[in-house]
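Structure first, then comments.
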């Protein structure tokens with residue numbers, strides 16, 4: 001049972017201008033400090049859900065409450081101060097000439113004094129291990145560095161809720177591992193929409209499964225991500241670490257021998 005919900009979504013429905021129904025009565029709650037994964041196939045409604053939580057879309061039917069406030073036009077300003085959205089593509093969030101300027105953009109637009117802005121920027125960069133990038137040009141950064149900087153830009157706004165849309169997309173294995181380790185240290189409520197089910201195992205104790213705009217399942221990640229029938233119904237597959245190796249199962253004696261041999265190297 002969720003206690004002290006900071007996110008409350010009730011019977012949320014949304015259809016796009018072309019008539020496509022993206023959300024069909026989605027309901028869930030997220031507790032303070034909880035880490036929730038939202039998973040599903042392309043078109044399941046993951047990103048549309050995040051856009052509602054960030055106030056980029058308003059409910060056409062149903063309701064969204066953030067920190068006790070109903071999501072509507074009159075509450076957008078205070079709600080957006082407590083919610084930080086990380087887009088799937090870092091280049092969508094990096095547009096200033098220097099990293100420092102990108103991270104400072106949000107606090108400056110809040111009208112904060114220059115000293116506080118600088119303090120927030122350097123603290124946020126320190127949290128993600130990127131203070132050495134402050135004077136760099138964002139377009140010259142690696143994929144992992146860009147992701148770290150975009151997280152710093154979100155953290156500089158001091159949000160209590162982080163929304164992450166495919167945060168590991170296009171990252172190499174080392175950058176992916178560094179990102180996961182960073183997210184594990186953060187104390188904010190985290191809601192992550194992702195196809196990376198191994199990330200879910202590392203980061204999110206709870207998983208919400210969407211299928212064609214509806215909630216298929218909501219429960220413990222360790223149970224849901226082992227349920228092959230459930231995942232198949234959502235057009236998903238088990239995380240790689242939970243899949244048995246066909247070579248090790250002995251597809252052929254020669255292949256199995258090769259597998260064992262390579263494991264000894």
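Rule-based calculations on the coordinates, nothing more; no lab input. Not measured: the values here are computed from a predicted model. Cβ placement follows ideal geometry from the backbone for every residue including glycine, while neighbour counts extend to all protein chains displayed.
How long is the gain from residue 74 to residue 32 if the chain were fully straight, where each residue apart is worth 0.36 nm and the alpha carbon distance is subtracted?
Length difference between fully extended and current span is 12.8 nm.
Would you mind computing, in nm to one decimal, how far apart the modelled labels at residue 63 and residue 229 are, each placed 7 Å from Cα along Cα→Cβ?
For the pair residue 63/residue 229, the computed spacing is 3.6 nm.
At 0.36 nm per residue, minus the direct Cα-Cα distance, what do residue 11 and residue 186 gain on full extension? Give it in nm, one decimal, please.
Going from the current span to full extension adds 60.0 nm.
Given R₀ = 35 Å, what would the calculated FRET efficiency be for residue 139 paired with residue 21, taking r from the Cβ atoms and rounding to 0.05?
Calculated transfer efficiency: 0.40.
Taking the number of other C-beta atoms within 10 Å as the exposure measure, put 147, 4, 226, 206 in order starting with the fewest.
Arranged by neighbour count, lowest to highest, 147, 4, 226, 206 become 4, 226, 206, 147.
Any chance you could check the Cα centroid distance between segment 221-242 and segment 16-46 for me, in angstrom?
Spelled out, the Cα-based centre of one part sits 18 Å from the other.
What is the antiparallel percent of DSSP beta bridges lying wholly in segment 5-234, to the nearest 5?
Beta bridges within segment 5-234, antiparallel portion: roughly 55 percent.
Mind checking the full-extension length gain between residue 116 and residue 244? Use 0.36 nm per residue of separation minus the Cα-Cα distance, one decimal, nm.
40.9 nm
Between [x] 0.97; [y] 1.10; [z] 1.03, which matches Cα Rg over 2.2 N^0.38 Å calculated for the structure shown?
Recomputing Cα Rg over 2.2 N^0.38 Å here picks out [y].
Per the helix-only calculation at 222 nm, which mean residue ellipticity applies to the chain, given -39500 (n - 2.57) for every DSSP H run of n ≥ 4 and division by its residues, nearest 500 deg cm²/dmol?
Helix-only estimate at 222 nm: -10500 deg cm²/dmol.
When the Cα centres of segment 69-93 and segment 121-159 are compared, how far apart do they sit, in Å?
The distance from the Cα centre of segment 69-93 to that of segment 121-159 comes to 19 Å.
Sticking with the crude label model, points 7 Å out along Cα→Cβ, report the distance from residue 212 to residue 81 in nm, one decimal please.
4.3
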